[in-house]
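The values are calculated or read from the model by the stated rules, or taken from the named source; none is laboratory data. These figures come from a predicted structure and were not determined experimentally. Backbone-built Cβ (ideal geometry, glycine too); neighbour counts: all protein chains shown.
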Amino acid sequence: MVLIFTPKTSRRLQYIVDFIFNEVFNEAVKITINTAEFEAFDGLKICYSQQAQPNAFYIGATSLLFEANITPQQIACFSWQNTKAFFKTNCHFGFDVFAASFYLITRYEEYLPHQTNAYGQYQHQQSTAFKNNFLQLPIINIWCQVLAQQLQQQGKYFSYTPNNFTPQFTFDVDNAFAFKHKSITQTIGGFFKNPSMYRLLVLLGLKNDPYNVYNYLHQLHQQHNIKPVYFWLVAQQNLGNDKNILPTKKAMWQLIKKHAKTYNIGLHPSIQSNTNITILLAEKEVLEELAEMPIINSRQHFLQLQWPQTYQNLIMHNFEADYSMGYGTINGFRASVAQPFYWFNLVNDESTNLRVHPFCFMDANAFYEEKLTQTQALESYKTFATICQQVNGQMCSLWHNEFISNYNLFAGWHQVYEQAITFKPLL
Ligand SMILES: [Zn+2]
């Protein structure tokens, strides 16, 4: 066990210490404010304070973790151990790694006044990670690796057990079918917008619907023994960007039922549900009825995240995990971390039981936002996977059935997915 001395403790400090020690290091930890207990302790000791203590590894504290409000912070990045850091303090480690990790993982800056884009999303350009050029790194995991090395050098027992690298694949099913099972308005509208023989042949049952890739995916997943999570958009009416096949359509509920038997599934809450939690509940209930099980996983359609409302709504409706933590405009580590963590609600200043599963790579970002070719997109995926493995993290990626369709704009993208799922990073 590691003992941490601090003159005053807080929920924030307890939260980040639990994350770093229990979840990254898999090591027991205790915080004490008792100097006599700290002095008498024979194991690995860390002093987290503005003043060092004898015979203890010293991490100089800033004030962030001892505050309970949300207020703009001075972030001055500097070069540190071949990477970057902020909250510099005069101490053994060189900066306040607890406060800096807390600031990034809680998305502290997203609670401060900020710009949103047309989709109501926080713009990544404002983030500390983007502005200081470390959005492509799970920098918290990198800091933790250095911390582990330095703690191991203290000559005391420290049982750092790295997590196993695990790639996690996930799908958002926004449009389960391209042409079939749509409403009459959508079908007629579609013909006017984009008249095509392909559409006609699909509707006449002479060709497979291009987005109907589920059997192909299932074979692939069985062959490689992987279990992606499928998130279903089941808005009960089509409105704006909620263009899903309605869950009342037989083909849609059959598809969901089939997947619920084999895969982990989750709700992809519609845009309508963001401003109306009755709609969120109704969508959850529809999915639960089809899946015949409680639905505990969620990922927001268009990754709409409003702090703290979105997660509070999920908790209120008994969701246990959210997979929305990533940007819809660029690939990278939005929370600067490559593994799941519990959500800390900054407004209530408390840790919660909602598990956040951050993703760092999405097919649509690579294609629409970063304008990558398929080869470049695969290279980008591999780079992220390699970084995640180097830090013993988890690589979560987000895909869409449209991209697997081999249709139109997406011709060939199924090969990117095939190669991503078989990629094994070499250290
Ligand atoms: Zn979506």
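Do you know which of the residues in the range 152-196 that are aromatic (Phe, Trp, Tyr) and assigned to a loop (DSSP other than H, G, I, E, B) is nearest to residue 215 (Cα to Cα)?
Here the residue is 177.
Looking at 282, 291, which is the one that is free of Cβ contacts under 8 Å to residues at least 40 places away in the same chain and more than 20 Å from the chain's Cα centre (by Cα)?
After ruling out the rest, the residue left standing is 291.
Does residue 335 count as within 16 Å of the ligand (Cβ to nearest atom), in contact with a strand residue (DSSP E or B) (Cβ under 9 Å, 6 or more places away or on another chain) and either over 26 Å from residue 402 (Cα atoms) or not in a loop (DSSP other than H, G, I, E, B) (or both)?
No: the conditions fail for residue 335.
Please specify each residue of the range 348-367 satisfying the condition of being in contact (Cβ under 8 Å) with a residue 60 or more places away in the chain and in a strand (DSSP E or B).
In the first step, residues of the range 348-367 are kept if they are in contact (Cβ under 8 Å) with a residue 60 or more places away in the chain; the result is 349-351, 357, 359-360.
Listed by number, the residues that qualify are 350, 351.
Is it the case, given these coordinates, that residue 344 is away from the ligand (no atom under 16 Å from the Cβ) and part of a loop (DSSP other than H, G, I, E, B)?
In short, no.
If only one of 48, 58 is within 22 Å of residue 158 (Cβ to Cβ) and in contact with a His (Cβ under 8 Å, 6 or more places away or on another chain), which one is it? Give the derivation first.
Values: 48 fails: in contact with a His (Cβ under 8 Å, 6 or more places away or on another chain).
Just one listed residue meets the conditions, 58.
If I filter the range 143-166 for residues that are more than 18 Å from the chain's Cα centre (by Cα) and buried (at least 23 other Cβ atoms within 10 Å of the Cβ), do I get at least one hit? Show your work before the answer.
Here is the first cut: in the range 143-166, the ones more than 18 Å from the chain's Cα centre (by Cα) are 143-162.
With buried (at least 23 other Cβ atoms within 10 Å of the Cβ) added as a condition, the list becomes 143-144.
Looking through the range 143-166, at least one residue is more than 18 Å from the chain's Cα centre (by Cα) and buried (at least 23 other Cβ atoms within 10 Å of the Cβ).
State whether one or more residues within the range 256-272 are within 16 Å of the ligand (Cβ to nearest atom), under 21 Å from residue 365 (Cβ atoms), at pLDDT below 95 and touching a Ser or Thr at 6+ places or on another chain (Cβ under 6 Å).
no
If we scan the range 326-334, do we find a residue that is charged (D, E, K, R), buried (at least 21 other Cβ atoms within 10 Å of the Cβ), in contact (Cβ under 8 Å) with a residue 60 or more places away in the chain and closer than 30 Å to residue 16 by Cβ?
yes
Determine, yes or no, whether residue 314 is away from the ligand (no atom under 14 Å from the Cβ), part of a helix (DSSP H, G or I) and in contact with a strand residue (DSSP E or B) (Cβ under 6 Å, 6 or more places away or on another chain).
Yes.
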